[in-house]
Structure formats: C-alpha cells, structure tokens
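The values are calculated or read from the model by the stated rules, or taken from the named source; none is laboratory data. It should be emphasised that the depicted structure is a prediction, and the values quoted were computed from it without experimental measurement. Cβ coordinates were reconstructed from backbone atoms using ideal geometry, including for glycine residues, and neighbour counts include every protein chain displayed.
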Amino acid sequence: MGSSVKSKYETYRKILEKKAEEVQSSMSAQKAAQVLAREEHPHDEGDLSQQSHEEWIFLNRNTLDIKLLREVQDALRRIEQGAYGVCYECEEPISAKRLDAVPWAKFCVSCQERIASGVELGNEEALQEADR
Ligand SMILES: [Zn+2]
C-alpha cells in the first residue's frame with residue numbers, strides 16, 4: 001500500500017526535485033554575477049551606493065529563493081513520509097489541480113485563502129467549540 005501512495009506522487013516528486021535544482025542553480029548564478037560585477041570595479045568607491053542597492057536586490061531575491069527552496073524540500077520530505085498532498089490546517093486532501101499549479105503547496109485552496117486574507121486561524125475552531 002505504501003508503495004502505491006509513493007508512485008501516486010512520483011510525478012510531483014520529480015517536478016519538486018527539478019524545481020529545487022532550478023532554484024539552487026539560479027541562486028549560484030546570481031552569486032556568480034555579483035562576484036563578477038565586483039571584480040569589474042574593485043576600487044570604485046564612487047559606486048558604493050549603487051553597489052549596496054544591487055546587494056539589497058540580490059539579498060532580497062535570494063531570500064525569496066531560499067524560502068521557495070525550503071518549501072520545495074519540505075514537500076519532498078512530506079512525500080517521503082507519506083504526508084504529501086494533505087492540508088496542514090484542515091487535514092483535507094489538497095486537490096490535484098492545486099498541486100499541479102503549486103506542487104509544494106502546504107494548504108488547500110480555502111485554507112490558503114484564509115491565511116492570505118489575514119483571517120486568524122483558530123477563530124473558526126473556537127467558534128465551533130462554542131457551538132457544541
Ligand atoms: Zn485546508
């Protein structure tokens with residue numbers, strides 16, 4: 001049974017592994033580009049403000065990449081653990097349509113929308129508790 005679950009997500013595993021590789025190579029490409037840019041102007045002090053602006057952009061981009069890479073690696077781990085494709089919040093299966101669009105999705109569409117809209121999670125649970 002375990003192997004059938006694994007093969008079910010084999011396609012996603014491949015997509016995720018490819019994505020992780022892409023992010024990693026784009027990160028090192030950015031780093032290489034930055035090093036090259038520095039070597040072109042080793043002692044240009046007049047360019048300092050420009051440099052720090054570029055560094056800021058570089059760091060900002062890298063932060064997004066690192067975040068994405070973590071989510072991708074997290075999803076790969078969930079496949080290994082057989083916990084892939086289940087919403088973190090409501091524990092309902094995440095639709096194949098959503099996984100096709102965002103293979104590293106942690107939440108189903110409705111939970112993701114709630115999180116994105118800034119509604120505090122847990123409120124609904126508290127209300128349900130009160131109803132009982
Ligand atoms: Zn959910």
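Among the listed residues 117, 110, 26, which satisfies the condition of being farther than 26 Å from residue 9 by Cα, modelled with pLDDT of 80 or more, hydroxyl-bearing (Ser, Thr, Tyr) and out of contact with any Ser or Thr (no Cβ under 8 Å at 6 or more places or on another chain)? Give the steps one after another, and end with the answer.
Values: 110 fails: farther than 26 Å from residue 9 by Cα; 26 fails: farther than 26 Å from residue 9 by Cα.
Testing whether each residue is farther than 26 Å from residue 9 by Cα, modelled with pLDDT of 80 or more, hydroxyl-bearing (Ser, Thr, Tyr) and out of contact with any Ser or Thr (no Cβ under 8 Å at 6 or more places or on another chain) leaves just 117.
Taken together, the residues in region 92-106 that are modelled with pLDDT under 95 and near the ligand (Cβ under 8 Å from one of its atoms) amount to 0.
Go through the residues of region 34-44 one by one and say whether even a single one is outside any helix (DSSP H, G or I), at pLDDT below 95 and buried (at least 16 other Cβ atoms within 10 Å of the Cβ). There is no residue in region 34-44 that is outside any helix (DSSP H, G or I), at pLDDT below 95 and buried (at least 16 other Cβ atoms within 10 Å of the Cβ).
Which residue is farthest from residue 24 (Cα to Cα), if the candidates are limited to region 75-91 and must be within 16 Å of the ligand (Cβ to nearest atom) and part of a helix (DSSP H, G or I)?
Taking region 75-91 and keeping what is within 16 Å of the ligand (Cβ to nearest atom), we get 75, 78, 83-91.
If we keep only those that are part of a helix (DSSP H, G or I) too, we end up with 75, 78.
Details: 75: 16, 78: 20 Å.
Checked region 75-91; the qualifying residue farthest from residue 24 (Cα to Cα) is 78.
Remark: pairs (first residue in region 16-29, on the phi < 0 side of the Ramachandran plot; second residue modelled with pLDDT of 85 or more and β-branched (Val, Ile, Thr); Cβ separation under 6 Å; 6+ apart in sequence or on different chains) = 16/72; 19/72; 20/72.
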